[in-house]
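Visitor: Mind looking over this structure? Questions follow.
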Amino acid sequence: MAEFKAFETGIEVNGETILSVVAGMEIAKNMALDILKQHGIDDPRPGKWYSQQSWLDSFKTISEKVGSKTLNLIGRSIPNKAQWPPQVNSIEAALASIDVAYHMNHRKNGTVMFNPEKGTMIEGIGHYGFEKIGEKKIKMVCKNPYPCEFDKGIIEAAAKKFSTGEIITVAEDTTLNCRKKGGDVCTYLVSWR
């Protein structure tokens, strides 16, 4: 799976999530808006929907012009902008719900990709896999078209958003080949104390 390449056509991202690019590049807000505009996302607004591929193209430009650390900052801003399932109230629940939140903020051919009333999910954007591997240790497997540093930022911020003061560590599993090195997934080990 390649970074920056949508899995399917007809996928859109909501404006609230798009605005995370602007929030993550706070000191370079005009540059963020300029890059989005270059890729067809002009004046993003909450409640509107935008091409996922255009958003991914914006990420690629940001990565090339500004660097991957900025992608991490953008990822960290997502949990504060995106919609979350109402029952999320802990680190574990937050990490377990990233995949649902991810699908709630994307739509395919005009239909939001997770319906909370029915509990149904539409495929087409990949997943954020969750596996509890210890008392306070989670393995997150990211199989989606987004850049690795962006995913790491989302995981870090989601855990911190629902933390009650724990010290949280997020580390890439370097024994596996991540997407930026040609692998199919990026795997992160999350622990807290």
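The values are calculated or read from the model by the stated rules, or taken from the named source; none is laboratory data. Here the structure is a predicted model, which means the values were calculated and not measured. Neighbour counts are summed over all protein chains in view; Cβ atoms, including those assigned to glycine, are modelled from backbone coordinates with ideal geometry.
Visitor: Restrict the check to the stretch 62-81 and report whether at least one residue is part of a helix (DSSP H, G or I) and among the acidic types (Asp, Glu). Let's see the steps before the verdict.
Guide: Taking the stretch 62-81 as the starting set, the residues that turn out to be part of a helix (DSSP H, G or I) are 62-65, 68-81.
Adding the requirement that they be among the acidic types (Asp, Glu) leaves 64.
There is at least one residue in the stretch 62-81 that is part of a helix (DSSP H, G or I) and among the acidic types (Asp, Glu).
Visitor: In the stretch 7-24, what residues are crowded, with 22+ Cβ neighbours inside 10 Å and at pLDDT below 95?
Guide: Answer for the stretch 7-24, where residues must be crowded, with 22+ Cβ neighbours inside 10 Å and at pLDDT below 95: Asn14, Thr17, Ile18, Ser20, Val21, Gly24.
Visitor: Here's a follow-up. Scan the stretch 66-88 and tell me whether some residue there is more than 30 Å from Gly165 (Cβ to Cβ) and not aromatic (Phe, Trp, Tyr).
Guide: So far as the stretch 66-88 goes, yes, one or more of its residues are more than 30 Å from Gly165 (Cβ to Cβ) and not aromatic (Phe, Trp, Tyr).
Visitor: Of all residues in the stretch 148-174, which are under 19 Å from Lys132 (Cβ atoms) and either assigned to a loop (DSSP other than H, G, I, E, B) or among the aromatic types (Phe, Trp, Tyr) (or both)?
Guide: Phe162, Ser163, Thr164, Glu166, Ile167, Asp173
Visitor: Let me ask something else about it. I'd like the full set of residues that are of a type outside the set (D, E, K, R) and either surrounded by fewer than 14 Cβ atoms within 10 Å (Cβ to Cβ) or within 12 Å of Ile11 (Cβ to Cβ) (or both), limited to the stretch 96-114.
Guide: Within the stretch 96-114, the first condition is being of a type outside the set (D, E, K, R), and the residues that meet it are 96-98, 100-106, 109-114.
Selection gives Tyr102, His103, Asn105, His106, Asn109, Gly110, Thr111, Val112, Met113.
Visitor: Out of everything in the stretch 115-150 that is of a type in the set (D, E, K, R), modelled with pLDDT of 95 or more and buried (at least 16 other Cβ atoms within 10 Å of the Cβ), what residue ends up being farthest from the chain's Cα centre (by Cα)?
Guide: If we take residues in the stretch 115-150 being of a type in the set (D, E, K, R), modelled with pLDDT of 95 or more and buried (at least 16 other Cβ atoms within 10 Å of the Cβ), then Lys139 is farthest from the chain's Cα centre (by Cα).
Visitor: If you don't mind, there's one more thing I want to ask. Within the stretch 17-35, identify whether any single residue is of a type in the set (Lys, Arg), at negative phi and in a helix (DSSP H, G or I), and answer yes or no.
Guide: yes
Visitor: Which one of the conditions (1) in contact with a Phe, Trp or Tyr (Cβ under 7 Å, 6 or more places away or on another chain); (2) more than 24 Å from Thr174 (Cα to Cα) does Trp49 fail to meet, given that it meets all the rest?
Guide: The failed condition is (1).
Visitor: Any idea which of Cys186, Cys178, Cys142 is under 22 Å from Val88 (Cα atoms), in contact with a Cys (Cβ under 7 Å, 6 or more places away or on another chain) and hydrophobic (A, V, I, L, M, F, W, C)?
Guide: Just one listed residue meets the conditions, Cys142.
Visitor: Here's something else I'd like to know. Counting only residues that are out of contact with any helix residue (DSSP H, G or I) (no Cβ under 8 Å at 6 or more places or on another chain), among the β-branched types (Val, Ile, Thr) and farther than 22 Å from Ala2 by Cα, which one in the stretch 151-193 is surrounded by the most Cβ atoms within 10 Å (Cβ to Cβ)?
Guide: Thr169
Visitor: Next question, about the same structure. What are the pairs, 6+ residues apart or on separate chains, where a residue within the stretch 110-134 that is under 21 Å from Ser191 (Cβ atoms) and part of a strand (DSSP E or B) has its Cβ under 8 Å from a residue that is at pLDDT below 95 and hydroxyl-bearing (Ser, Thr, Tyr)?
Guide: Listed by first residue and then by second, the contacts come to Tyr128/Tyr102.
Visitor: Tell me which of these Lys81 doesn't satisfy, since it passes every other one: (1) at pLDDT 95 or above; (2) buried (at least 16 other Cβ atoms within 10 Å of the Cβ).
Guide: Status for Lys81: all satisfied but (1).
Visitor: Regarding Gly124, is this residue more than 21 Å from Ser68 (Cβ to Cβ) and in contact with a Lys or Arg (Cβ under 9 Å, 6 or more places away or on another chain)?
Guide: yes
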